[in-house]
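Working notes, structure below.
The values are calculated or read from the model by the stated rules, or taken from the named source; none is laboratory data. It should be emphasised that the depicted structure is a prediction, and the values quoted were computed from it without experimental measurement. Reconstructed Cβ throughout: ideal geometry from the backbone, glycine too, with neighbour counts over all protein chains shown.
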Amino acid sequence: MSDLRIAVLGVGIMGADHAARLTTRISGARVAVVNDYLTDKADQIAAGIEGCRAVADPLDAIADPDVDAVVLATPGPTHEKQLLACLEHRKPVLCEKPLTTDVESALGIVKREADLGTRLIQVGFMRRFDHEYIALKSMLDTGELGRPLVLHCVHRNPAVPPNFDSAMVVRDSLVHEVDVTRFLFDEEIVSIQIIRPAANPAAPQGLADPQIAVMRTASGKHVDVELFVTTGVGYEVRTEVVAANGSAMIGLDVGLVRKSAPGTWGGQITPGFRERFGQAYDTEFQRWVDAVRDGRMVDGPTAWDGYAAAAVCEAGVVSLNSGGPVEVAMVSRDSIPGA
Ligand code: ISE
């Protein structure tokens with residue numbers, strides 16, 4: 001079987017990383033087309049990949065007859081149009097989060113895909129492919145810890161880009177714990193509250209950081225998340241499940257532990273999400289390529305997962321402004337046959 005010919009749309013930090021991953025570490029696929037609104041950047045990436053060319057218009061790249069499947073690493077506001085084009089051309093697509101930037105358009109995408117009767121959209125919630133999250137999920141599924149009751153999470157970044165605002169802490173950062181909660185517990189989140197502690201004096205003016213998210217699932221499980229995106233320290237993602245018969249924690253970041261004179265010990269913290277979740281991205285991409293090649297098209301979070309995450313984040317942003325708990329408004333999955 002010949003290699004899957006992929007178009008990578010958006011070759012900023014994430015897209016360039018995906019193009020490199022597909023070229024050097026993933027089998028059964030090659031990058032045939034790249035696109036970016038910065039055309040010089042797309043030309044430069046294309047020049048470094050054998051048999052790859054830059055296409056200036058993202059919709060032309062999707063429609064290109066030499067493209068079998070699409071990776072979207074473009075800015076969120078462009079996703080709706082690009083996803084609709086992928087559906088129109090029946091091209092499988094791995095879309096970096098967010099699915100779209102608002103709940104209505106996310107639901108529109110879910111419905112349009114369901115109307116086609118074939119799943120073509122996978123959403124890039126990469127934590128579901130991380131060895132530690134997989135181990136935690138398997139442990140919960142075997143039932144050895146008994147009924148899970150509480151999830152405690154920590155999500156810290158050393159720094160964020162200058163345009164990062166308080167709502168992005170919810171939509172861009174917390175969205176991962178929203179998906180992790182749904183993945184681990186197999187149920188929807190029904191309410192969310194965002195609490196703003198005193199802000200980090202080192203955070204940019206106006207950025208509410210840290211934030212504490214408190215969520216409740218349909219069966220009444222409690223989830224709390226400390227989000228702190230300007231720590232200046234490192235990339236820390238910890239997740240602890242407390243269950244009826246014990247607890248389990250991942251993300252302790254304990255690699256090599258050094259002990260040396262004069263009586264000190266210590267190790268290293270991963271600097272960023274690409275280092276912490278590099279394995280997860282590789283596994284996600286290999287499994288997606290394999291699924292597309294054998295006709296399953298999707299092997300991971302679906303458009304519905306993207307919609308559900310958007311709905312929780314939407315409620316989270318309302319709570320960020322009001323301070324109180326907010327109910328999550330979502331349609332029922334059964335109301336969309338095929339979703
Ligand atoms: C970023 O977009 C990510 O997806 C990272 O995983 C997350 O840690 C970071 O907070 C986000 O801004």
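For the stretch 152-185, what are the residues that are more than 17 Å from the chain's Cα centre (by Cα) and charged (D, E, K, R)? Within the stretch 152-185, just D165 meets the criteria. Just one residue in the set A291, A261 is assigned by TED's automatic domain parsing to the domain that holds V150 and more than 21 Å from L174 (Cβ to Cβ); that residue is A261. Considering the stretch 19-94, the qualifying helices (runs of 4 or more DSSP H), each wholly inside and each with 2 or more residues that are under 29 Å from G108 (Cα atoms), touching a helix residue (DSSP H, G or I) at 6+ places or on another chain (Cβ under 6 Å) and not aromatic (F, W, Y), run over 58-63, 79-88. Would it be correct to say that I250 is at pLDDT 95 or above, more than 17 Å from V328 (Cβ to Cβ), within 16 Å of the ligand (Cβ to nearest atom) and hydrophobic (A, V, I, L, M, F, W, C)? For I250, the condition - at pLDDT 95 or above, more than 17 Å from V328 (Cβ to Cβ), within 16 Å of the ligand (Cβ to nearest atom) and hydrophobic (A, V, I, L, M, F, W, C) - is met. For first residues located in the stretch 85-110 and under 22 Å from G295 (Cα atoms) and within 16 Å of the ligand (Cβ to nearest atom), partners that are of a type in the set (G, A, S) and part of a loop (DSSP other than H, G, I, E, B) and lie 6+ apart or on another chain with Cβ distances below 7 Å form the pairs L94/G124; C95/G124; E96/A73; E96/G124. Residue pairs whose Cβ atoms lie under 6 Å apart, sitting 6 or more positions apart in sequence or on different chains, and linking a residue in the stretch 299-317 that is under 18 Å from I195 (Cα atoms) to a partner that is aliphatic (A, V, I, L, M) and assigned to a helix (DSSP H, G or I), are V312/V178; C313/V170; C313/V175; E314/V103; G316/V170; V317/A167; V317/V170. Please verify whether L252 is of a type in the set (A, V, I, L, M) and within 30 Å of M215 (Cα to Cα), treating the condition exactly as stated. So L252 fits the description; yes.
Yes/no matrix, rows are residues, columns are (1) farther than 30 Å from I336 by Cα; (2) crowded, with 21+ Cβ neighbours inside 10 Å:
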site: G15; (1), (2): yes, yes
site: V31; (1), (2): yes, yes
site: D43; (1), (2): yes, no
site: A47; (1), (2): yes, no
site: L83; (1), (2): no, yes
site: T100; (1), (2): no, yes
site: E104; (1), (2): no, no
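Okay, residues lined up against (1) within 16 Å of the ligand (Cβ to nearest atom); (2) out of contact with any strand residue (DSSP E or B) (no Cβ under 7 Å at 6 or more places or on another chain); (3) closer than 21 Å to T283 by Cα:
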| residue | (1), (2), (3) |
| --- | --- |
| M139 | no, no, yes |
| L149 | no, no, no |
| N163 | yes, yes, no |
| D172 | yes, yes, no |
| V175 | yes, yes, yes |
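Looking at (1) within 21 Å of G278 (Cα to Cα); (2) crowded, with 16+ Cβ neighbours inside 10 Å, which one does V254 not meet, given that it meets all the others? Every condition holds for V254 apart from (2). Part of a strand (DSSP E or B), surrounded by fewer than 19 Cβ atoms within 10 Å (Cβ to Cβ), out of contact with any Gly (no Cβ under 9 Å at 6 or more places or on another chain) and among the charged types (D, E, K, R): is that true of R238 in this structure? For R238, the condition - part of a strand (DSSP E or B), surrounded by fewer than 19 Cβ atoms within 10 Å (Cβ to Cβ), out of contact with any Gly (no Cβ under 9 Å at 6 or more places or on another chain) and among the charged types (D, E, K, R) - is not met.
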